[in-house]
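For reference, the structure discussed in these notes is given below.
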Amino acid sequence: MKKLSYAAVVACLLPLFSAHAQSLTTKGTRTLGVAATDQSYFSTTDYSTSLRISVAPSVGKFFADNWAVGLAVPLAYASTKTKQTGNRSRGLAVGVVPWLRYYLPSESRHRVFAQAQAGAILDASWGQRAVYDGFDSTIQPYRNTDFGYLAGLGAGYSYFLTPNVGVEALLLYHQGGFSNTGNLGVDIGLRAYLGN
């Protein structure tokens, strides 16, 4: 009898949870998220070591049902050391990237969305490098600052762990940056949906 009662309660509550999943992408809902965008470590015993860590916190708001607009702040740190030449470099990049997202209507925990973004990135790098003057090489310090744009278009998938928290993956084509080339990447993130 207890099993039957439990099943009846779950059957009555199930429509409420699926309706709640739909209401998370309605007008007025706010979002807070963070995505890991590019993580790498590479080392060889006799040549070089390289580390790159990137995250992108973001905020947003649904201005209409299934339509959200927001702002991401990509942050990246990179470090490279070449053992044979003594070259060392470090870099820090900070960006401001507005985004627009559309979620396909669904009452499921599985949501598919499309995203477009465009913004700017500032990169500061510093370190030391070997400079060859024709006769000898010397290690000299350097500093550099660069400014670039970043635009992207992609499709993503969000799985709601709870009614207010989703894990998401975004396949995104980026154009621009400092080399002005395009690349395809996958961002993995976590997003909280805060009701009105």
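What follows is calculated from the coordinates using simple rules that are stated; it is not laboratory data. Bear in mind that the values here come from a model prediction, so they are computed numbers and not experimental data. Counting neighbours? That spans all protein chains shown, and the Cβs are built from the backbone with ideal geometry, glycine included.
Give the residue from ALA72, THR44, LEU161 lying farthest towards the positive end of the charge dipole for the chain; charges sit on Cβ (+1 for Lys and Arg, -1 for Asp and Glu) and the dipole is referred to the Cα centre.
LEU161
Set Lys and Arg Cβ to +1 and Asp and Glu Cβ to -1, take the dipole of the chain about its Cα centre, and tell me which of ILE121, VAL34, GLY195 lies farthest positive.
GLY195
Using modelled amide H (1.01 Å from N, peptide plane; none on Pro or chain starts), what sits under 5 Å from the amide H of LYS27, excluding residues fewer than 5 places away?
ASP65, ASN66
Given a Förster radius of 35 Å and the C-beta distance between GLU107 and GLN39 as r, what FRET efficiency does 1/(1 + (r/R0)^6) yield to the nearest 0.05? List each step's numbers first, then the result.
Values: r = 34 Å, r/R0 = 0.97.
Approximately 0.55, to the nearest 0.05.
For the peptides 55-66, 137-148, what is the packing order when you average, over each peptide's residues, the other Cβ atoms within 10 Å and list the highest mean first?
The packing order, highest mean first, is 55-66, 137-148.
To the nearest 20 debye, what charge dipole does the chain have about its Cα centre, counting +1 at the Cβ of each Lys and Arg and -1 at the Cβ of each Asp and Glu?
660
Using the 10 angstrom Cβ neighbour count as an exposure proxy, how do TRP126, TRP99 rank, fewest first?
With the fewest neighbours first, TRP126, TRP99 line up as TRP126, TRP99.
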